[in-house]
Structure formats: C-alpha cells, structure tokens
1. Take segment 65-93 and flag every residue that is away from the ligand (no atom under 14 Å from the Cβ), in a helix (DSSP H, G or I) and not small (G, A, S).
2. Test of understanding: among Y176, Y162, which residue is in contact with an Asp or Glu (Cβ under 8 Å, 6 or more places away or on another chain), buried (at least 19 other Cβ atoms within 10 Å of the Cβ) and not assigned by TED's automatic domain parsing to the domain that holds P34?
3. Go through segment 114-125 and give me each residue that's on the phi < 0 side of the Ramachandran plot and without any contact (Cβ under 8 Å) to a residue 24 or more places away in the chain.
4. If the Cβ limit is 6 Å and pairs must be 6+ apart or interchain, which residue in segment 47-75 that is in the same structural domain as N33 (by TED's automatic domain parsing) pairs with which residue that is of a type in the set (K, R)?
5. What are the residue pairs meeting all of these: first residue in segment 129-158, first residue more than 21 Å from G85 (Cα to Cα), second residue of a type in the set (F, W, Y), Cβ atoms under 7 Å, and 6 or more apart or on different chains?
6. Tell me which residues, restricted to segment 37-64, are part of a loop (DSSP other than H, G, I, E, B) and either surrounded by 17 or more Cβ atoms within 10 Å (Cβ to Cβ) or aliphatic (A, V, I, L, M) (or both).
7. Do we have I35 as modelled with pLDDT under 95 and either more than 12 Å from the ligand (Cβ to nearest atom) or outside the structural domain of N135 (by TED's automatic domain parsing) (or both) here?
8. Residue check: is L137 assigned to a helix (DSSP H, G or I) and not assigned by TED's automatic domain parsing to the domain that holds L18?
Amino acid sequence: MIELFEFSLSGNSYKIRLMLSFLNLKYESRLFNPIDKEHKSEKFLELNPFGQVPVLKDGNLILRDSQAILVYLARVYGEDHWFPGDPTKSAEIVAWLSTAANEVSRGPSALRVHYLLGRTINLEEANQVTENLLNLLEKRLTSRNWLATDELSIADIAMYPYIALCHQGKVDLSEYKNIKKWMRRIETLPNYISMPGIELQIT
Ligand SMILES: N[C@@H](CCC(=O)N[C@@H](CS)C(=O)NCC(=O)O)C(=O)O
C-alpha cells in the first residue's frame, strides 16, 4: 500500500498527488494540518527528520522530498518518458528537479508563503529570482512543448505547481504566453487533478 503524508495546500505535496493520479496509482492520504504541528511530532520525525511533507511510504520503503519521490514513482511505476534511462535526458531532467528545489523554492514558492502566511522573506531577492526564472522558462518553451525532453517528464511535474500558483505570490503571468500554453498542456492531460488556488488555463 502507498501512503502519502501531506498538507492540502502544499505545492510539494500536490506534485506527488498529481504524479500518482497521472500514474493511476491508488494511495491513502495521511493529511496533516500544519497548525497541529503533527509534522514535528517524534513519530513523524522518524519518517522525515526534517519535519516536512511530503513523505511517501510504499510498503516498508519511506521516502522524503518531492523530487526524490517523483524519481521513485517514475522508475517503479511509470513509463520510460517520465524519467528516461538515457543519460543525457535523465541529466537534463535532474537539472530541472534541482531548479524546482532551488530557484522555484527561493522565488515563487517563497513569495506565495509570504503573501499567504505572512512569512518574512527577502522580497527583493525572491522577486528577482522569480523574474529570472520566468523569463528563462518563457524562452525555453518558445520552441518546445515540455521542459526537459521532447516528452512529458517528471521535470514538468516538479516545476508546474508553484508556477501555476504564482498569482498567490502576486506574480502576474499574463505576459508569459509560452508558460501559459505549457500549463494548459499539463492541465488537459488525462487524469490531471488540480489543487486549491490554481486557476486553470483551460477556460
Ligand atoms: N525539498 C522538500 C521541501 C519540503 C517542504 O518545504 N515542505 C513544506 C510544505 S510545502 C513543509 O513541510 N513545511 C513545514 C516545515 O518546514 O516546517 C520537498 O521538495 O519535498
């Protein structure tokens, strides 16, 4: 049995929900409310000493970190396009997983937490990182459908949530036409699921 420890409004948790849905995998959600601090309990720290969601349990295996979980799900349950064995393609995908953990986290994700939850951040830096990231994505998506390879991969899943939630961090995507088309491409895939806060490009 697969179990997912998650928050409903966590973009990193949503990445995994989305991937599980695309892979048509059944799982049991262990939904925490961040206010209850269950993710800091002794019991949960045994699963993830960082005290963060998401955590995935698959039988006896316990995995933390949304990027690592995406790799695992792709390799164990997914077709090759999700995380190809080809060294060049997989390296390109890992570069985007790193971007999701670094620039996305320091940029759009930080802005969202600031405006939604009032967390103190370096606003100037977060806005600068976000602007650089969006310009780079917009340029990259000029002549390609997917971020890392010619096919949908876990790079797209890792990057999508916090870009789709950008407006919650007061970032306007209306001028980023290629990014919007890429989001629409993801949102029209079979088994796509949304999360609270996402404004679909479909309409
Ligand atoms: N690199 C981790 C980051 C996980 C993370 O930041 N999780 C947030 C929710 S999106 C969390 O659990 N925050 C609670 C805390 O840090 O105390 C991942 O990608 O899974």
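The values are calculated or read from the model by the stated rules, or taken from the named source; none is laboratory data. These numbers were taken from a predicted model, which means no experiment stands behind them. In this analysis, Cβ positions are derived from the backbone assuming ideal geometry, glycine residues included, and neighbour counts consider all displayed protein chains.
1. Our first condition is that a residue be away from the ligand (no atom under 14 Å from the Cβ); within segment 65-93, this holds for 74-93.
Restricting the remaining residues to those that are in a helix (DSSP H, G or I) gives 74-77, 80-82, 87-93.
Of everything in segment 65-93, those that are away from the ligand (no atom under 14 Å from the Cβ), in a helix (DSSP H, G or I) and not small (G, A, S) turn out to be R75, V76, Y77, D80, H81, W82, P87, T88, K89, E92, I93.
2. Y176
3. Of all residues in segment 114-125, those on the phi < 0 side of the Ramachandran plot come to 114-117, 119-125.
Residues satisfying the conditions are L117, R119, T120, I121, N122, L123, E124, E125.
4. Partner pairs satisfying both residue conditions: N48/R64; G51/K40; V55/R64; S66/K15.
5. L134/Y176; E138/Y176; L141/W182
6. Within segment 37-64, the subset part of a loop (DSSP other than H, G, I, E, B) is 37, 41, 48-54, 59-60.
If the condition is that a residue be part of a loop (DSSP other than H, G, I, E, B) and either surrounded by 17 or more Cβ atoms within 10 Å (Cβ to Cβ) or aliphatic (A, V, I, L, M) (or both), then N48, Q52, V53, P54 are the ones that fit.
7. Details: modelled with pLDDT under 95: yes; either more than 12 Å from the ligand (Cβ to nearest atom) or outside the structural domain of N135 (by TED's automatic domain parsing) (or both): yes.
Yes: the conditions hold for I35.
8. Working: assigned to a helix (DSSP H, G or I): yes; not assigned by TED's automatic domain parsing to the domain that holds L18: yes.
Criteria met by L137.
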